[in-house]
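*Asks:* Here you go, one structure.
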Amino acid sequence: MGSNNFEVGTAFPMSTRLQRLGHLLLISILTAVCGSDSTPEGLRMLLLGAVLLLLALPSLGQETTEKPGALLPMPKGACAGWMAGIPGHPGHNGTPGRDGRDGVPGEKGEKGDTGLTGPKGDTGESGVTGVEGPRGFPGIPGRKGEPGESAYVYRSAFSVGLETRVTVPNMPIRFTKIFYNQQNHYDVTTGKFHCNIPGLYYFSFHITVYLKDVKVSLYKKDKAVLFTYDQYQDKNVDQASGSVLLYLEKGDQVWLQAYGDEENNGVYADNVNDSIFTGFLLYHNIE
Ligand SMILES: [Ca+2]
């Protein structure tokens, strides 16, 4: 019975397949006729072979045109000729898959636009003092200053001389020959200078000495502060002189006065010989 044991769907030409089925049916009939297998089992095999042959015959005319080598279609068996069913509904969505692997880094992009200016930062700490720079060029002269306060009020000067010989010692010498006394700070009636402007004063005197010795002092506030002594030489004319700087307060008085006795009063003056006394303010007291 191994001769009819072939697999369905094996690649054979349809005509060959029909021939095999015919052979199988013929063998089954022969077997049943010869009584070699007259059992009910042998009869069933004969009937089964007849059914298979009848099922295969209707498609004989079509399949004989198949080209050699084409695959045999699956036998449709008992379902052949049934109507196709209605397509089923789509299945449910599956669960999301796992995350994929990281991609490779991309190429370096182009340089972006300049960003906006940020806010002003905090003031930094002071740096170390630098080295002194070189001396600059001289600047241009400034504007001329405003006129100062008039110096008239600070003017004080006098210059006076003797007109005649002085014969009386121990009293102020009166110089009545006026060279300059615009402010009238020198009192011609007393021979004394009166300080009206406190400050530093310069005084000087030049005395012609004739006939007698001369001892003369410059007085300030009733006190001799300068002494000058000249010895007379017979038949000669001498000179005695002196000068000094004195600081005076307002109201101070300064004058010249011969001291000693009359033998020491050779202060002289005539038309061609002068004895003079001069004083002026050098600096006024600004305090
Ligand atoms: Ca002398």
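Rule-based calculations on the coordinates, nothing more; no lab input. In this text, all values refer to a predicted model and were calculated from it rather than measured experimentally. Reconstructed Cβ throughout: ideal geometry from the backbone, glycine too, with neighbour counts over all protein chains shown.
*Asks:* Write down Rg/Rh for region 236-287, rounded to two decimals, with Rg from the C-alpha atoms and Rh from the Kirkwood relation over Cα pairs.
*Replies:* Dividing the radius of gyration by the Kirkwood radius yields 1.06.
*Asks:* While we're looking at this one, here's another question. With the dipole of region 155-284 worked out from charges on the C-beta (+1 for Lys and Arg, -1 for Asp and Glu) around the Cα centre, which of Gln233, Asn184, Ile197 lies farthest toward the positive end?
*Replies:* The listed residue farthest towards the positive side: Ile197.
*Asks:* Just the number, please: Stokes-Einstein D of region 155-284 in µm²/s, Kirkwood Rh from C-alpha pairs, 37 °C, 0.692 mPa s.
*Replies:* Translational D for this selection: 226 µm²/s.
*Asks:* Now for a different question. Please tell me the relative contact order of region 155-284 in percent, rounded to the nearest whole number, where contacts are Cα pairs under 8 Å and at least six residues apart.
*Replies:* 39 percent
*Asks:* While we're here: On the principal axes of its Cα set, how long, how wide and how thick is region 153-232? Give whole Å, largest value first.
*Replies:* 43, 25, 18
*Asks:* Among 200-213, 96-109, what's the highest-first ranking by average C-beta atoms within 10 angstrom per residue?
*Replies:* Result, highest mean first: 200-213, 96-109.
*Asks:* Could you compute Rg(Cα) / (2.2 N^0.38 Å) for region 93-231, with N its residue count?
*Replies:* 3.31
*Asks:* Can you list the residues, at least 5 places off or on another chain, whose amide H is less than 5 Å from the amide H of Tyr186, using H built in the peptide plane?
*Replies:* Hits under the 5 Å cutoff: His194.
*Asks:* Moving to a separate point now. For Asp222, Asp270, Asp238, what ranking results if the residue with the fewest other Cβ atoms within 10 Å of its Cβ goes first?
*Replies:* Going from least to most buried by this count: Asp222, Asp270, Asp238.
*Asks:* I'd like the Karplus ³J(HN,Hα) series for region 178-188: coefficients 6.51, -1.76, 1.60, θ = phi - 60°, whole numbers in Hz, and an x wherever there's a Gly or Pro.
*Replies:* Computed from phi, the couplings for region 178-188 are 8, 8, 7, 6, 4, 7, 6, 7, 9, 8, 5 Hz.
*Asks:* Okay, moving on. Just how many pairs of Lys in region 124-264 have C-alpha atoms closer than 19 Å, counting pairs that are eight or more places apart or on different chains?
*Replies:* Counting lysine pairs in region 124-264 gives 12.
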